[in-house]
Each structure stands twice: as structure tokens, then as C-alpha cells.
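Student: This is the structure, below, for whatever I ask next.
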Amino acid sequence: MSIDHFSAEYIKTKIIDFFISYDNSIIFGNEVMYGSKRKVVDLLMLNNSFIYGIEIKSSTDNLDRLEEQIEEYKKIFNYIIICTTNKHYPTVQRKTSTDIGILLFSDGELLFKRKPRIRKKLDKKEILSSIPSDYLKRTFSITNKKYNSDEVRETLISQPIKKLQEILYLYLINKLTKNHSLFIKERGIETHIDDIPLLSLRGTKIQYY
């Protein structure tokens, strides 16, 4: 089967290898669901207690929803990176603020055209909505069994944003580690498109450490 070297999935393999080459302790998740609207981020990357949301815009993608996607990412992720090609680079540069990273995929190589800057103003509600209520109950020792998911999150909305960020990071570490470890074991010296599904979370159960 021939490989489309311009597809979003192929670019995804290059992004993973790019970051792992700098730091092999990084953990990835593929198409991870987040937030109250249950959106999906192309690649989620965990590194040094920070959460990176990575959106891929290949040459065959359109940019109609880019600004909407970024606004959702801004509510959750410490760093945001858009990976795109020469075709879309001028538009991505024009449509994004200077705190959004731009990673250019050109001639089979990746190059940072703009480094992402940390975002500290996040949304508590969206962070809490990204964490299952049973995990929140266990973490914060909420014993009231009558609380539904919304009530659990409502009791925690007054928690410091830094604390909620830490809990989200720990939840994602627990959620992604098993799949990522299997992915690393299977990928060999570089990532192939067939390896990417190993990073997906469908059917993965949470592990408490």
C-alpha cells in the first residue's frame, strides 16, 4: 500500500518522531476527547507537567474551522501548536495570535516557524469537563453518592486553577501511559502510520497509580 506523504496521518508520524527525538519521556495521545463539547484534538502531548494540543492542517484540509478550534484549545491546553504545510502557512500565520506555535511541514521535514508560548488563563469548567466525574470523586474524596456528574464538577469549581490543571495532567498521564508504552514498544526506530492507532484511547480503562 502506497503512503500519502502529504496526508495528516503521515504528518502526525513525523510530529511524533520530531518531539521524541528531543525528549523520549514525552507521552502522546491520538485524537483525545476533551471539554464540555466533547471535541477531539489531533494529537495531545504531555511533557514536564504541561499539556500540548497539536492541530494538523495538511494541504488537503481546509481552514474554515481553525479559529473555532483554537478558541476551544485555549480553554484547556497550556501550549497550542498548529502543524501545517507551505500551502496553508501564510493563512495560519495570519489567523493565529503570537502565542500559538506554528510547525511547518515542508520537503519531509519539520521546522518551528513560531514557538508556542504558555497559556495560563484557562477555563475551570472546561478542565473539569475533561475529567470523568468518578475520577474527580476519587481524587477529591467526594463521598456523596447522590451527586451526579454536573454536581460533582460544581462542587469543585472553586478549586484553584493550578490544582485543577494538575489533576487533569495526572488523569491524562494515567489514561495515556499504557497505550503510549505499547506504542513505543511496537514502533521501532521511527513511527509508521500503522502505529498511530496504538495511541488512541477507545476502550482504554483508567489505571490508578
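The values are calculated or read from the model by the stated rules, or taken from the named source; none is laboratory data. Here the structure is a predicted model, which means the values were calculated and not measured. Here Cβ is always computed from backbone atoms with ideal geometry, including for glycine, and neighbour counts include all displayed protein chains.
Student: Scan the stretch 127-161 for residues that are touching a Pro at 6+ places or on another chain (Cβ under 9 Å) and at pLDDT 95 or above and report the count.
Tutor: 0
Student: Still on this model: For the stretch 2-19, does any single residue satisfy the condition of being of a type in the set (Phe, Trp, Tyr), within 12 Å of the chain's Cα centre (by Cα), at pLDDT 95 or above and not in a loop (DSSP other than H, G, I, E, B)? So that I can check it myself, show each step before the final result.
Tutor: Start the filter on the stretch 2-19 by keeping residues that are of a type in the set (Phe, Trp, Tyr), which leaves 6, 10, 18-19.
Right, trim to within 12 Å of the chain's Cα centre (by Cα) and you get none.
Within the stretch 2-19 (the criterion being of a type in the set (Phe, Trp, Tyr), within 12 Å of the chain's Cα centre (by Cα), at pLDDT 95 or above and not in a loop (DSSP other than H, G, I, E, B)), the answer is no, since none of the residues qualifies.
Student: Next question, about the same structure. Which residues, counting only those in the stretch 69-108, are touching a residue at least 60 places away in the same chain (Cβ under 8 Å), touching a Phe, Trp or Tyr at 6+ places or on another chain (Cβ under 9 Å) and either loosely packed, with under 15 Cβ neighbours inside 10 Å or of a type in the set (Phe, Trp, Tyr) (or both)?
Tutor: If the condition is that a residue be touching a residue at least 60 places away in the same chain (Cβ under 8 Å), touching a Phe, Trp or Tyr at 6+ places or on another chain (Cβ under 9 Å) and either loosely packed, with under 15 Cβ neighbours inside 10 Å or of a type in the set (Phe, Trp, Tyr) (or both), then 105 is the only one that fits.
Student: Please work out which residue is farthest from the chain's Cα centre (by Cα), limiting yourself to the stretch 37-62 and to residues that are crowded, with 16+ Cβ neighbours inside 10 Å and in a loop (DSSP other than H, G, I, E, B).
Tutor: Ranking the candidates gives 61 first.
Student: I've got another one for you. So residue 143 fits all but one of (1) assigned to a helix (DSSP H, G or I); (2) free of Cβ contacts under 8 Å to residues at least 12 places away in the same chain; what number is the exception?
Tutor: (1)
Student: Looking only at residues that are farther than 20 Å from residue 74 by Cα and surrounded by fewer than 14 Cβ atoms within 10 Å (Cβ to Cβ) in the stretch 109-131, which one is farthest from the chain's Cα centre (by Cα)?
Tutor: Result: 109.
Student: So, in the stretch 162-197, exactly how many residues are in a loop (DSSP other than H, G, I, E, B) and either at pLDDT 95 or above or buried (at least 19 other Cβ atoms within 10 Å of the Cβ) (or both)?
Tutor: Taking the stretch 162-197 first, the residues in a loop (DSSP other than H, G, I, E, B) are 188-192.
Remaining after also requiring either at pLDDT 95 or above or buried (at least 19 other Cβ atoms within 10 Å of the Cβ) (or both): 191.
Total satisfying the criteria: 1.
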